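First up is the structure itself, then whatever we jot down about it.
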């Protein structure tokens, strides 16, 4: 693989709160043109890392480098980063045009240039013609588009997104994801994304950082994290997973990696429920006092009834020792 | 149309509950507006004797009298000067205080906030008297400065609490977004925080101005009759009571600025804006 340029580097970074919570020993390199997502449950420290990169929090220890330059001592207005928050990004007393022009005016960009850039940017986020509206007249999804546009207008080295879509409803969220991915690949900018939604992380990212309790559990591509989770937490957090006890260890296996056959065999179970979900069927079976979820096709499910005896064959799986 | 004014028809048309509400409202309006109407009438009565309902002669005689009196005109000017000065000076002091209460956590914050209530908890006259003792020492009796300080004490609670709640309603992300876009903290305050808190600040300013316009007790005590604002001048007239019409004319003159300001700011004045100021957090 060719040598890629490092955009952001976190070097043994730490941010401790007074109550002892926080993150420490954070080391990460983000390459140019990458979307890296911090994924984890709320309170895991993912937003803390993002806010220290943006300059809204001081680091207690360590260093943050953007393009090889340390930025830890700069206030947010001097950093080459731009941030989009979960909500309340826009200033309600300003029109969309004024919201977008705010940062450019501060940089003394000539008015003609501002007009042209705003026009171009509104086109990019499919919001042309909204210049004279006020944020209150826009839907949540539209507001977030404007917020992203405002950040992009600043031509940041690094775009920081703090759960920007989590306040939107499911359908718009999906659409925004696709648009963001398109904008990112068109402009080639580096994006750090924070979310607690594993589906969003899988859909958007080149690499995912799965976090838990202030620590990195695993860093890898969506494929790596899905196929070979490093810890039990990652395994349970990403996608559907069955945990089957086997002596002193736990076998983690995805519902799609279990082959179900009718009749007797070495690993027998009883069908509990059959749920049709469109192109596939979710089958839950009981084995001892464990309930196992399997995805099967229509052909097989049509032959099965609740209470039937089936045999399971476990395919791709990961083994964790019990202590973990 | 007139048929509907028959009380029985009206009762059955709107139902019992609405009918009772209507009666209550009618009584309330009468109670509330009758003195106002009476005052309005008196202001335009050239001649009026107490037991009669309507004046003998209508006209602008007393308006002419009021504007012809030099001292009365000067009292109006003084009132406005003091009200404007009180508003501006208390804005300078109270808005930063309100911002710090809204944004920063520090020990004693709640006590500080409650302390503004204290001046309203004691009997005013007691406070004024004890202040007067201090003012004599510092030579503030009978001066504009002294009177303005008294007016500020009265308005401080509104001037700190209302803007503070307005600042609290500005989301931190909105300030952070401005910093992120390249604005310094000072510019963020003037371009984002202050304009967004403006409605709350406007209401507080209105209260301060109107409060100062009608303050009489403290002004009389500390102003030593040297500072004659409109309400103070009115006391004199009412006590004289040679012609009640002068009082009525004055009352209308006092209402005009209040009514104008309330009309201009009617959008911002509402139960929420005022109630928001009394939330302690």
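Details
- Residue B:177 being assigned to a helix (DSSP H, G or I), within 26 Å of residue A:160 (Cβ to Cβ) and out of contact with any strand residue (DSSP E or B) (no Cβ under 6 Å at 6 or more places or on another chain): yes
- Test: residue in the stretch A:190-208 that is farther than 25 Å from residue A:29 by Cα and within 16 Å of the chain's Cα centre (by Cα): no
- Looking at B:76, B:41, just one residue is more than 30 Å from residue B:165 (Cβ to Cβ) and surrounded by 17 or more Cβ atoms within 10 Å (Cβ to Cβ), and that residue is B:76.
- When A:193, A:216 are checked against the criterion of being out of contact with any helix residue (DSSP H, G or I) (no Cβ under 9 Å at 6 or more places or on another chain), closer than 30 Å to residue A:19 by Cβ and crowded, with 18+ Cβ neighbours inside 10 Å, a single residue qualifies: A:216.
- In a residue-by-residue description of the stretch A:43-54, the property of being buried (at least 22 other Cβ atoms within 10 Å of the Cβ), within 14 Å of another protein chain (Cβ to nearest Cβ) and touching a helix residue (DSSP H, G or I) at 6+ places or on another chain (Cβ under 9 Å) applies to at least one position.
- Selection from the stretch A:244-274 of residues that are without any contact (Cβ under 8 Å) to a residue 40 or more places away in the chain and either in contact with a helix residue (DSSP H, G or I) (Cβ under 9 Å, 6 or more places away or on another chain) or not in a strand (DSSP E or B) (or both): A:247, A:256, A:274
- Any chance residue B:210 is modelled with pLDDT of 80 or more and surrounded by 15 or more Cβ atoms within 10 Å (Cβ to Cβ): yes
- Checking every residue in the stretch B:205-212 against the condition of being away from chain A (no Cβ under 14 Å) and on the phi > 0 side of the Ramachandran plot gives zero matches.
Conditions (1) buried (at least 20 other Cβ atoms within 10 Å of the Cβ); (2) within 14 Å of chain A (Cβ to nearest Cβ); (3) farther than 27 Å from residue B:77 by Cβ, marked per residue:
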site: B:184; (1), (2), (3): no, yes, yes
site: B:219; (1), (2), (3): yes, no, no
site: B:224; (1), (2), (3): no, no, no
site: B:228; (1), (2), (3): yes, no, no
site: B:235; (1), (2), (3): no, no, no
site: B:240; (1), (2), (3): no, no, no
site: B:248; (1), (2), (3): yes, no, no
site: B:252; (1), (2), (3): no, no, no
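- Listed by first and then second residue, the pairs with beta-carbon distance under 9 Å, at least 6 apart or on different chains, first residue in the stretch A:187-211 and on the phi > 0 side of the Ramachandran plot, second part of a loop (DSSP other than H, G, I, E, B) and surrounded by fewer than 18 Cβ atoms within 10 Å (Cβ to Cβ), are A:188/A:32; A:188/A:33.
- Count - residues of the stretch B:154-174 that are surrounded by fewer than 18 Cβ atoms within 10 Å (Cβ to Cβ) and part of a helix (DSSP H, G or I): 1
- One residue from A:38, A:85 being within 14 Å of another protein chain (Cβ to nearest Cβ) and either modelled with pLDDT of 90 or more or more than 30 Å from residue A:199 (Cβ to Cβ) (or both): A:85
- The stretch A:65-82, subset outside any helix (DSSP H, G or I) and crowded, with 18+ Cβ neighbours inside 10 Å, residue nearest to the other protein chains (Cβ to nearest Cβ): A:82
- Among the helices (runs of 4 or more DSSP H) confined to the stretch B:186-254, the ones with at least 2 residues that are more than 28 Å from residue B:145 (Cα to Cα) are located at B:194-214.
- The set of residues in the stretch A:93-120 being in contact (Cβ under 8 Å) with a residue 24 or more places away in the chain and either within 28 Å of the chain's Cα centre (by Cα) or more than 8 Å from every other protein chain (Cβ to nearest Cβ) (or both) consists of A:94, A:95, A:96, A:97, A:99, A:100, A:103, A:104, A:117, A:118.
The values are calculated or read from the model by the stated rules, or taken from the named source; none is laboratory data. Since the structure is predicted, the reported quantities are computational estimates derived from the model, not experimental observations. Heads up, the Cβs are rebuilt from the backbone with ideal geometry, glycines too, and the neighbour counts pull from every protein chain shown.
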